[in-house]
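These notes are about the structure you will find just below.
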Amino acid sequence: DQQVKQNSPSLSVQEGRISILNCDYTNSMFDYFLWYKKYPAEGPTFLISISSIKDKNEDGRFTVFLNKSAKHLSLHIVPSQPGDSAVYFCAATDDYKLSFGAGTTVTVRA
Amino acid sequence: SQTIHQWPATLVQPVGSPLSLECTVEGTSNPNLYWYRQAAGRGLQLLFYSVGIGQISSEVPQNLSASRPQDRQFILSSKKLLLSDSGFYLCAWSAGSHEKLFFGSGTQLSVL
């Protein structure tokens, strides 16, 4: 049972423009949300997180937005750079186990 | 600083052979430890997690098992591999509840 869903398997964006990645969850108990970035044949690396008491968290070029009523979060990357080309995973938890989405492959075009 | 080591990086095994993947964490005490698997073109599936020595919880019924013989050591095993066990296996640790996970570099397992 997939509790975290990323419905867009891929996203192509031009360098310098905004990348918007979306994520939906079904478990209303989730109260901590994270985004990870993964390159091929490597482990995922943590990007940014947000607690359910907030609706926005920003770290440099990365901003995560949380809409609890819609059970939806999004990651904005501005501006997109070639090094941002990777797979992005959304994750959620209400304890110490993270549930991950299927990932969105981002390709940044020059 | 904390580091996580996972090996081997690549493994090719015949069907029916045993498996042992090892993961160790340095620079922290009593971490929560995890094994995830990423099948081709799919997301990260939690296989096992441990909140302490000898405490193992299984998320998905399968022919894999996990053990935690020491505080910072986590082992993934199988007595007989299946073709469906192929995938990218990731070990991870966290400091506790509502904490981010730190992942190892992964093991690409191909069962032929």
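For residue A:103, indicate whether it is closer than 24 Å to residue B:58 by Cα and within 14 Å of the chain's Cα centre (by Cα). Taking the combined requirement at face value, the residue satisfies it. For the stretch B:84-112, the tally of residues that are at pLDDT 95 or above and away from chain A (no Cβ under 14 Å) stands at 2.
Of the residues examined, residue A:86 is one that is touching a Phe, Trp or Tyr at 6+ places or on another chain (Cβ under 6 Å) and either of a type in the set (A, V, I, L, M) or surrounded by fewer than 22 Cβ atoms within 10 Å (Cβ to Cβ) (or both).
No other residue among A:97, A:37 is under 30 Å from residue B:109 (Cβ atoms), under 10 Å from the mean Cα position of the chain (by Cα) and free of Cβ contacts under 8 Å to residues at least 60 places away in the same chain apart from A:37.
Only one of the numbered conditions (1) facing another protein chain (nearest Cβ under 10 Å); (2) farther than 18 Å from residue A:99 by Cβ is not met by residue A:46, and that is (2).
Within the stretch B:82-104, the set of residues being in contact with a strand residue (DSSP E or B) (Cβ under 6 Å, 6 or more places away or on another chain) and assigned to a loop (DSSP other than H, G, I, E, B) comprises B:86, B:98, B:100, B:101, B:104.
Just one of (1) within 13 Å of the chain's Cα centre (by Cα); (2) of a type in the set (D, E, K, R); (3) exposed (fewer than 15 other Cβ atoms within 10 Å of the Cβ) fails for residue A:109. It is (1).
Within the stretch B:24-81, the set of residues being away from chain A (no Cβ under 14 Å), basic (Lys, Arg) and assigned to a strand (DSSP E or B) comprises B:68 only. Quick check on residue A:39: is it within 24 Å of residue B:91 (Cα to Cα), surrounded by fewer than 13 Cβ atoms within 10 Å (Cβ to Cβ) and more than 9 Å from chain B (Cβ to nearest Cβ)? So residue A:39 fits the description; yes.
The values are calculated or read from the model by the stated rules, or taken from the named source; none is laboratory data. These numbers come from a predicted model, not from an experiment. Don't worry about glycine lacking a Cβ; one is built from the backbone with ideal geometry, like all the others, and counts go over all protein chains shown.
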